[in-house]
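Only one structure is covered here, and it is reproduced in the block below.
The values are calculated or read from the model by the stated rules, or taken from the named source; none is laboratory data. These numbers were taken from a predicted model, which means no experiment stands behind them. So basically every Cβ, Gly included, is an ideal-geometry build from the backbone, and we count neighbours across all protein chains shown.
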């Protein structure tokens, strides 16, 4: 298998990943239909180190909300590199899966559709250029 074959396989895998990102985000949005208001009860900090040893931090809110008599507490699927982006005690609009309340999305959370589509377009461009030049 030559370079052309490898490039076509790589672009095919990229296209598949892009499709999965779009599909899974869409499915999650379809499952999370029940509105609720959650409260930020904690903020988790993650540290990341780059190749040069530089450190950066990201902050992810921990949300808590009630579903009937059950209290759900879980980290949100959003994060920020700014510590002041989230404040304990703030309220956040969410939509949760009524069959599995620990699965939820904030109403401002993206599904990943844009990223998935860009990945698929990039994969198509790689495949097209590979076929054109090959």
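Some observations on this one:
- Residue 52 being loosely packed, with under 14 Cβ neighbours inside 10 Å and in contact (Cβ under 8 Å) with a residue 40 or more places away in the chain: no
- Flag if residue 89 is surrounded by fewer than 10 Cβ atoms within 10 Å (Cβ to Cβ) and free of Cβ contacts under 8 Å to residues at least 12 places away in the same chain: no
- Residue 16, sole failed condition from (1) closer than 25 Å to residue 116 by Cα; (2) surrounded by 12 or more Cβ atoms within 10 Å (Cβ to Cβ); (3) in contact (Cβ under 8 Å) with a residue 12 or more places away in the chain: (3)
- Evaluation of residue 36 against (1) touching a strand residue (DSSP E or B) at 6+ places or on another chain (Cβ under 7 Å); (2) farther than 18 Å from residue 108 by Cβ (one fails), failing number: (2)
- Number of residues in region 93-134 that are modelled with pLDDT under 90, outside any helix (DSSP H, G or I) and either surrounded by 13 or more Cβ atoms within 10 Å (Cβ to Cβ) or touching a helix residue (DSSP H, G or I) at 6+ places or on another chain (Cβ under 6 Å) (or both) equals 6.
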